[in-house]
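Peer 1: Let me begin by handing over the structure; questions about it come next.
The values are calculated or read from the model by the stated rules, or taken from the named source; none is laboratory data. Since the structure is predicted, the reported quantities are computational estimates derived from the model, not experimental observations. A quick note on method: Cβ atoms are made from the backbone with ideal geometry, for glycine too, and the neighbour counts reach across all protein chains shown.
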Amino acid sequence: MEYPDLSHRFDGESVARALEIVGERWTLLILREAFFGVRRFGQLARNLQIPRPTLSARLRTLVDKGLLEKVPYARDPDRHEYRLTDSGRDLFAAIVVLMQWGDHHLPHPQGPPIVLHHSRILTSEDRALEEGIPVTSLPRTLLDLAAETPFDRLRRIIERSEELRLFDLGPVDALLTRSAGHPGVGRLRRAVALYRPLAVTRSDLERRFLGLVLAAGLPRPATNFVELGFELDVYWRDQRFAVELDVFETHGSREAFERDRLRQEDLKLAGIEMIRITGTRLQREPDQVVERVALLLARRRA
C-alpha cells in the first residue's frame with residue numbers, strides 16, 4: 001500500500017515558525033506575566049525567579065520579534081518597561097489554553113490558583129478592554145468577587161479602586177439593579193454603602209447622635225461648645241472628652257484635612273481627647289458607636 005507524499009505540508013509550516021519564537025519555557029512564562037500586567041524587569045525577575053541574564057536575552061528576543069515593546073518610563077537613569085504589542089496580545093488565547101490543559105491534566109493538589117468561568121449573561125457594560133485584552137468591567141469584577149471574597153478584603157479592593165480613580169458608584173448601582181439573583185449582590189451593596197452621599201446635614205447628625213447618647217443613659221454633653229477657641233460638636237467638659245461628627249462633604253479639601261489634624265493635636269496637648277465619628281458609620285452601626293463612646297467616657301472618669 002502506498003501512502004501519499006505529504007512532505008509538502010512542511011513547506012512554510014507556521015507551527016514550527018511560531019515555536020522558534022515562543023516554544024521555550026521562560027518565553028511563555030514572561031508572556032504570561034505580561035498578560036497579568038507585569039512590565040518591569042525587576043518585577044519579572046522576582047516573580048519568575050529567572051536568572052537575570054536569561055531574562056535579558058528572552059526580553060531582547062521578544063522585542064526583536066515584535067511581541068513586546070520596550071517603552072521608557074523614567075529618566076536619569078533611563079528605565080524601561082515591556083508592553084505587549086498587538087502580536088503579543090494575540091497569544092492570550094494560547095496562554096489560556098495551556099493553563100486549562102495544565103489544570104486538567106497536571107492538577108495541583110490545592111486546585112488551580114486561577115479559576116476560569118463562563119457567563120452567558122454579560123452585557124456590553126460588563127465588558128472592557130485592558131491594553132487590547134478583553135476583561136470584565138470593574139463593576140462586574142467587583143460583583144463576581146463579592147460572591148466569594150471575604151468582606152473586609154472586598155472593601156479594601158473597592159478602596160484601592162477609588163485611590164486609583166477607577167471607582168464610579170453609578171455603574172455599580174446600575175449593575176446591582178440588573179443583577180438580581182447574583183450571589184454577590186447583597187455583599188457588594190453593603191460594601192459600597194460607604195460611598196453613597198448621606199441625605200442628612202451635620203445638624204441632623206448631631207441630633208441623631210445626641211438622641212442615641214441619652215437613650216443609652218450617658219451624661220448629657222454640651223453641643224457646639226467652644227474650648228480653647230475651637231468649636232467642638234459634642235463635648236463632655238468634666239471628662240474633657242469630645243466627639244467630632246464628620247460628614248465627608250464638609251471636609252473634602254486638602255486645607256480642611258490639614259487644619260483638622262492640627263486642631264486635634266492642639267486639643268491633645270491641652271488634655272482633651274477627641275474622636276471622629278462619620279455620618280456613614282453612625283448610620284450603619286449606631287449601637288457599636290455608642291458602646292465605644294461609653295467605654296471611652298468611663299476611661300476618662302477613671
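Peer 1: Are any of the residues in the range 152-168 at pLDDT 90 or above and closer than 30 Å to L297 by Cβ?
Peer 2: yes
Peer 1: Could you say whether any residue in the range 220-235 is part of a helix (DSSP H, G or I) and either in the same structural domain as R276 (by TED's automatic domain parsing) or under 23 Å from the mean Cα position of the chain (by Cα) (or both)? If you could, list the steps in order and put the result at the bottom.
Peer 2: We begin by selecting, within the range 220-235, every residue part of a helix (DSSP H, G or I); these are none.
There is no residue in the range 220-235 that is part of a helix (DSSP H, G or I) and either in the same structural domain as R276 (by TED's automatic domain parsing) or under 23 Å from the mean Cα position of the chain (by Cα) (or both).
Peer 1: Taking only pairs six or more apart or across chains, which ones have beta-carbon atoms under 6 Å, a first residue in the range 258-281 that is not assigned by TED's automatic domain parsing to the domain that holds E206, and a second residue that is not in a helix (DSSP H, G or I)?
Peer 2: Once the first residue is not assigned by TED's automatic domain parsing to the domain that holds E206 and sits in the range 258-281, no partner that is not in a helix (DSSP H, G or I) comes close enough.
Peer 1: Under the condition of being among the polar types (S, T, N, Q) and touching a Ser or Thr at 6+ places or on another chain (Cβ under 9 Å), which residue from the range 118-140 is modelled with the highest pLDDT?
Peer 2: T136
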